C-alpha cells in the first residue's frame, strides 16, 4: 500500500511546524516549489506497523485567499487534484487560545471537499487558561474529527495518527454554507464580496464557539502584558534591544573564532595531505589548490551562519522579534524601510544571503526591494579578513587614540560606515524609486513562548544545510574556475616560465627559484593578464596589477582577496606574518614607492566596504526580485560608488 | 460618537468596529478578525506613536496609523 498523503496547514504561530517535527522527526526535507521561493517541507511518518504517511508542511497562512505567495502555494496544492502534492487528508492545526481566527482558515479548507482533521494544538494550556470544549458537539458542527494535541509535551500525537489512518471515514461536506442569493445581489466588486463572505464566516464560527467553547475570564491576564510592559517600553525597550544586539555580535565573533580557525587549519591540512599522498599532476593540483580550498571557503562560514540562525530563530520563536519590529517600524520608515527590515539588516552582518531571504516577510514591495538593495552594504563576515590584514598594514598595532586601540576603532568605524551607507542609500532609494505601493503593514504579536530546543535545532540544521549547498555550489564552481585561470596561460611566457626565470635569476636557491617561477607564471596566466589589462583603470585608486587580480577574484567572494594575494606574493602556506611582510615590502615597479601606503590601504578598505563583490549575493537578489534588472543595477551602482570613494580617498591622501 | 477611528482611541480604550473608510484596508487584516462587530482594544502605542498594538477580538497584532485611521469604531 502506498503512503497516505497528508497536508498540514495552519496559521503562523500555531505550532504547526513543531507538530510536523513531532510527526516526522529528522525524516524531512526542505525543497522549493517549482519556480518560486517558498520553502517546501516534506517528511515521512510511520502511522502504525503497516501504514506510513508522506506529510507536507504547507506554509503558515491566515486564509486561502491567495493574496501572498505562501497562500498561493497552499491553494494550488489543495485545490488541484492533479497536483503532485494533492493530499488524501488535510490536518488543520489550530491554537487553542485563538480558535476564532484559526477556525476561519479551517472553514475555507473544509469547503474544498477533502477529508479534514482538526488538530487543536497547545492543549496543555487548557487547564491553565480555564478553557473548556464540548468536543462532541464541536465535531458535529464542524463536520470533522478533532484531535487535542500538544506538540510541546508530545501528547495526542498517536491519536492524531489513528485519525489519519482512518481518513476514509471522514466527512467531506463543507461545514459553512453561505447564501449565494444574498451574495450576488448586494455585492458588486470582488473585494467587497470577499469582505462580506469573511464577515459571515466569522459569524458562523462565533455561533459554533458560543455553543461549544468556554473560557474562565479570570485567567485572561498573563505573561504577555507583563513582558510587554518592559520589552516595548519607551526607554527600556530600546535599551534591551541594543543590549541583545550587542551581545549577539560579541558572541558571533568570539564564539565562532575558535571553530573557524580549526576549520581553516583542517582544510589546509587536507590540501597538504592531498599533495603529499597523491601522484603529482593536474588532478592533484586541482584538488589541492581548487577544490579543497573551495569547499573550505564554504565550510568556514558554517559556525557563524549556524550561530546567527540560532540567535534569530530563538528571537523569533520566543515572540520577541515581533516586538522589535513594533519598536523600530516608525524609525525605519523614515529611511524608506519597514520595521521588518531590521531582521535582514542584522543578519547581514554575518552573511547577506540569508539576510536577503529574510526580507520576504515585508509585505510592502517597495520597502522589501529597498531592504534587499541596501542589505549588502552591511559589513558581512567575508569582509573581515580583508579589513584585518589591511588595517594591520596601515595602522601600527601600538597606536592609541584616547587610550583605545586605533586598529579596533578603525574596524568599528568600518562597520558603522557600512550601516550608515545602507541607511543613507535607503533614504535615496525611497526618494527616487517611483513605485506605487500601499502600506500593508500588519504584524501579529504572538504569545511569548520558551523556544523549543527541538524546533530551534531543526531550523539551524535545515537552514545551514540549505546555505552550504546553495551557496556552496557557486563558491565551489568559482574556486575551480579561478584555479584554472590562474594555472593556465596563453603563449610562451607561461609554458616556458621555468626556463625564463632560471635564465634571469641564475643564482637563486631552489626554494627562491620555485617561488619566483610561481609568481612569474601567475603574472602570465589568464588571470594575471586580466589583472594587467585592468591596471590602467585601478592605478588611480593606488593599486597595482596584483591587487587588481585580487579585486577580480574577489568578485566571486570577498574573502578570496587574502588568499589570492597570498598566492600572488607566492608565500604559499607560510605563516601570516610573512604575507604581511611581503605586502609591506612590495613596491610599484616604476616609482619604487611602497604599494601598501596609508592612501592605498584606505582606498582598498573603502572599495571593499562598498563594492558588490559576491556572486552568491547577486544570485540570491536575482532569485528574490525575479529578474536580472535589480541585481545588475545594484552591482553597478555599488561598485561604481566604491570606485569613486576609493578614488577620492586615494587622490586626497596620497 | 461619530468620526472615531482606531487611530483616535487612547491606550486601554475598547471599541466596536463599525465600518471601513475606503477599501484600502488590507484583506489580511480582515482575515485576522478585523471585521464589523468585533471588539478592539488599544494595548499600546509604539514609542513614536506609530504603529499601534491592538487586541482585536482575541488576536494580538500591530498596524500603522495610516490603516488604523481608516477603521471606524464606536467607543465602549
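Can you name every residue in segment A:487-519 that is at pLDDT 80 or above and within 30 Å of residue A:298 (Cα to Cα)?
A:487, A:488, A:489
Under the condition of being more than 16 Å from residue A:340 (Cβ to Cβ) and facing chain A (nearest Cβ under 7 Å), which residue from segment B:50-59 is surrounded by the fewest Cβ atoms within 10 Å (Cβ to Cβ)?
This residue is B:58.
Given the condition buried (at least 16 other Cβ atoms within 10 Å of the Cβ), under 29 Å from residue A:443 (Cα atoms), in contact with a strand residue (DSSP E or B) (Cβ under 8 Å, 6 or more places away or on another chain) and at pLDDT 80 or above, answer yes or no: does some residue in segment A:232-247 qualify?
Yes, because at least one residue in segment A:232-247 is buried (at least 16 other Cβ atoms within 10 Å of the Cβ), under 29 Å from residue A:443 (Cα atoms), in contact with a strand residue (DSSP E or B) (Cβ under 8 Å, 6 or more places away or on another chain) and at pLDDT 80 or above.
Being within 7 Å of another protein chain (Cβ to nearest Cβ), surrounded by 20 or more Cβ atoms within 10 Å (Cβ to Cβ) and touching a strand residue (DSSP E or B) at 6+ places or on another chain (Cβ under 8 Å) is the filter here; which residues of segment B:29-43 pass it?
B:29, B:32, B:33, B:35, listed by residue number.
Given (1) within 11 Å of chain A (Cβ to nearest Cβ); (2) free of Cβ contacts under 8 Å to residues at least 60 places away in the same chain, identify the lone condition not met by residue B:21.
The single condition residue B:21 does not satisfy is (1).
If you go through segment A:286-296 one residue at a time, do you hit one that is over 25 Å from residue A:15 (Cβ atoms) and within 14 Å of chain B (Cβ to nearest Cβ)?
no
May I ask you to verify whether residue B:68 is within 11 Å of chain A (Cβ to nearest Cβ), closer than 27 Å to residue A:13 by Cα, touching a strand residue (DSSP E or B) at 6+ places or on another chain (Cβ under 7 Å) and in contact (Cβ under 8 Å) with a residue 60 or more places away in the chain?
Here the answer is yes, as residue B:68 does meet what is asked.
Select, from B:62, B:15, the only residue that is at the interface with chain A (Cβ under 7 Å from one of its Cβ atoms), assigned to a strand (DSSP E or B) and either exposed (fewer than 14 other Cβ atoms within 10 Å of the Cβ) or modelled with pLDDT of 90 or more (or both).
B:62 is the lone residue from the list that is at the interface with chain A (Cβ under 7 Å from one of its Cβ atoms), assigned to a strand (DSSP E or B) and either exposed (fewer than 14 other Cβ atoms within 10 Å of the Cβ) or modelled with pLDDT of 90 or more (or both).
Just to confirm my filter: which helices (runs of 4 or more DSSP H) fall fully inside segment A:578-654 and include at least 2 residues that are more than 30 Å from residue A:477 (Cα to Cα)?
In segment A:578-654, A:598-610, A:629-653 are the helices (runs of 4 or more DSSP H) which contain 2 or more residues that are more than 30 Å from residue A:477 (Cα to Cα).
When segment A:383-416 is examined, which residues are found to be in contact with a helix residue (DSSP H, G or I) (Cβ under 7 Å, 6 or more places away or on another chain), under 18 Å from residue A:584 (Cβ atoms) and part of a helix (DSSP H, G or I)?
Matches in segment A:383-416: A:385, A:386, A:387, A:389, A:390, A:391, A:392, A:393, A:394, A:407, A:410.
Going through segment A:441-470 one residue at a time, which ones are within 14 Å of chain B (Cβ to nearest Cβ) and under 21 Å from residue A:375 (Cβ atoms)?
A:441, A:443
Residues that are buried (at least 21 other Cβ atoms within 10 Å of the Cβ): which helices (runs of 4 or more DSSP H) entirely in segment A:80-172 hold 1 or more of them?
Per the criteria, A:99-110, A:157-165.
Residues in segment A:310-341 that are within 13 Å of another protein chain (Cβ to nearest Cβ) and under 24 Å from residue A:465 (Cα atoms): how many?
The total comes to 1.
Being touching a helix residue (DSSP H, G or I) at 6+ places or on another chain (Cβ under 8 Å), more than 9 Å from every other protein chain (Cβ to nearest Cβ) and at pLDDT below 85 is the filter here, so list the residues in segment A:190-217 that pass it.
Listed by number, the residues that qualify are A:193, A:196, A:197, A:215, A:216.
May I ask you to say which residue of A:302, A:295 is closer than 12 Å to residue A:263 by Cα, modelled with pLDDT of 80 or more and surrounded by fewer than 19 Cβ atoms within 10 Å (Cβ to Cβ)?
Answer to the selection: A:302.
May I ask you to say which residue of A:535, A:559, A:575 is modelled with pLDDT under 80 and closer than 17 Å to residue A:639 by Cα?
Answer to the check: A:559.
In segment A:158-178, is there at least one residue being within 14 Å of chain B (Cβ to nearest Cβ), at pLDDT below 80 and out of contact with any helix residue (DSSP H, G or I) (no Cβ under 7 Å at 6 or more places or on another chain)?
Within segment A:158-178, none of the residues are within 14 Å of chain B (Cβ to nearest Cβ), at pLDDT below 80 and out of contact with any helix residue (DSSP H, G or I) (no Cβ under 7 Å at 6 or more places or on another chain).
Which number in (1) surrounded by 19 or more Cβ atoms within 10 Å (Cβ to Cβ); (2) within 12 Å of another protein chain (Cβ to nearest Cβ); (3) at pLDDT 85 or above marks the one condition that residue B:47 misses?
Among (1) surrounded by 19 or more Cβ atoms within 10 Å (Cβ to Cβ); (2) within 12 Å of another protein chain (Cβ to nearest Cβ); (3) at pLDDT 85 or above, the lone unmet condition for residue B:47 is (1).
Output the number of the condition that residue B:76 fails; it satisfies all remaining conditions of (1) within 13 Å of chain A (Cβ to nearest Cβ); (2) farther than 20 Å from residue A:440 by Cα.
Of everything listed in (1) within 13 Å of chain A (Cβ to nearest Cβ); (2) farther than 20 Å from residue A:440 by Cα, residue B:76 misses just condition (1).
The values are calculated or read from the model by the stated rules, or taken from the named source; none is laboratory data. Values in this document were obtained by computation on a predicted structure and should not be read as measured data. When we count neighbours, we look across all protein chains shown, and the Cβ atoms used for this are built from the backbone with ideal geometry, even at glycine.
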